[in-house]
Amino acid sequence: MEERTNKIHEGKAKIIYATHDPNQVIMYFKDEATARNGEKKGTIQDKGIINNKISTYFFKLLKDRGVDNHYIGTPDARDMLVKKLEMIPLEVVVRNVFAGSLAARFGKEEGTPLSMPIVEFYYKCDELNDPIINRYHAIALGIATLTELNQIEHIAFSINSIFKEVLGAKNVDIIDFKTEFGRDEKGRVLLGDEISPDNCRFWDKDSKQRLDKDVFRHDLGSPEEAYQEILRRLTL
Ligand code: TMP
């Protein structure tokens, strides 16, 4: 089993470690939580363990459904072994319902359905506050090629269809989610990062109860309980 060696990068929610295999890295999931680009800081107890479990669940599900991704294994409670990718600095957000920044941008009430799913690109850059960009910006800035953007969009919408079906059966609406992609050693675009309540909005279909990080962002109750509850529903 691969072991962590040198720290490569520390982000807000995860630390990336090298392993003895140059093509594999370990993602270590932390309990620290931030919102509004680090303006609000806190800890959600055992978030790292829960997010590792939830991401493991989603990556395995997606692989089973033909969406290849960086997942290799889960060697420890907070560790995920993944393929090393050259990450593309884009946050790829898919939305089914107005919520969060989209609801604010268009003056819509949270929960208003969209007539079709949409995809948005945000340029990952803390100093600029991750600005929303379009395909032209992404290509002109050399962030990704048109072919890569087409592949990314196709994969992002496939993930959305799978999530709608699988979560729907668990009485959960997938409101929106953020994914990140990278290039493997052959230059192939692959889904990376994590898929967890930190970067998805999960609402109970009936009560509209939030089962995600919005509980932390907007002080809506116990984030620990929300994270435990979505894990419970997924693995029921
Ligand atoms: P937003 O409504 O705040 O733009 O967020 C859309 C989705 O993307 C939501 O599920 C949360 C996720 N997200 C991240 O994972 N990281 C971020 O930095 C932001 C702004 C959103």
Exercise for the section: Using only the Cα atoms, work out Rg/Rh for the chain, with Rh taken as the Kirkwood radius, to two decimals. Expected result: 0.94
Practice task
Would you kindly derive the ³J(HN,Hα) couplings of region 67-77 from the backbone phi angles with the Karplus curve 6.51 cos²θ - 1.76 cosθ + 1.60 (θ = phi - 60°), listing them in order in whole Hz, with x for Gly and Pro?
Solution key: 9, 5, 7, 7, 5, 10, x, 10, x, 8, 4
Completion exercise
A correct Karplus calculation of ³J(HN,Hα) over region 187-195, with 6.51 cos²θ - 1.76 cosθ + 1.60, θ = phi - 60°, whole Hz and x for Gly and Pro, returns x, 7, 6, 9, 5, x, 6, 10, 10
Problem - Under 24 Å from LYS14, Cα to Cα: lysines that are on another chain or at least 8 residues apart - result: LYS30, LYS40, LYS41, LYS47, LYS53, LYS60, LYS63, LYS83, LYS84, LYS124, LYS178, LYS213
Exercise for the section: Work out from phi, with θ = phi - 60° and the Karplus expression 6.51 cos²θ - 1.76 cosθ + 1.60, the ³J(HN,Hα) of each residue of region 201-217, listed in order in whole Hz, and give x for Gly and Pro. Expected result: 10, 10, 10, 4, 4, 8, 7, 6, 4, 7, 10, 7, 5, 4, 4, 6, 4
Handout entry: Residue-averaged 222 nm ellipticity for the chain, from DSSP H runs of 4+ at -39500 (n - 2.57), nearest 500
Key = -9500 deg cm²/dmol
Exercise for the section: Find how many whole Å separate the alpha carbon centroid of region 1-33 from the alpha carbon centroid of region 71-95. Expected result: 10 Å
Completion exercise
Here, LYS12 and TYR136, labelled 7 Å along Cα→Cβ, have an inter-label distance in nm of 2.9 nm
Fill in the blank from the handout: Sorted by chain and then number, the residues having a modelled amide H within less than 5 Å of the amide H of LYS30, at least 5 places away or on another chain, are LYS14, ILE15
Completion exercise
For ARG188 and SER115, extending 7 Å from Cα along the Cα-Cβ vector and measuring point to point gives, in nm, a value of 3.8 nm
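Throughout, read-outs are computed from the coordinates displayed, never taken from laboratory work. Just so it is clear, the model here is predicted, and its values are computed rather than measured. Ideal geometry is used to build each Cβ from the backbone, glycine not excepted, and the neighbour counts take in all protein chains shown.
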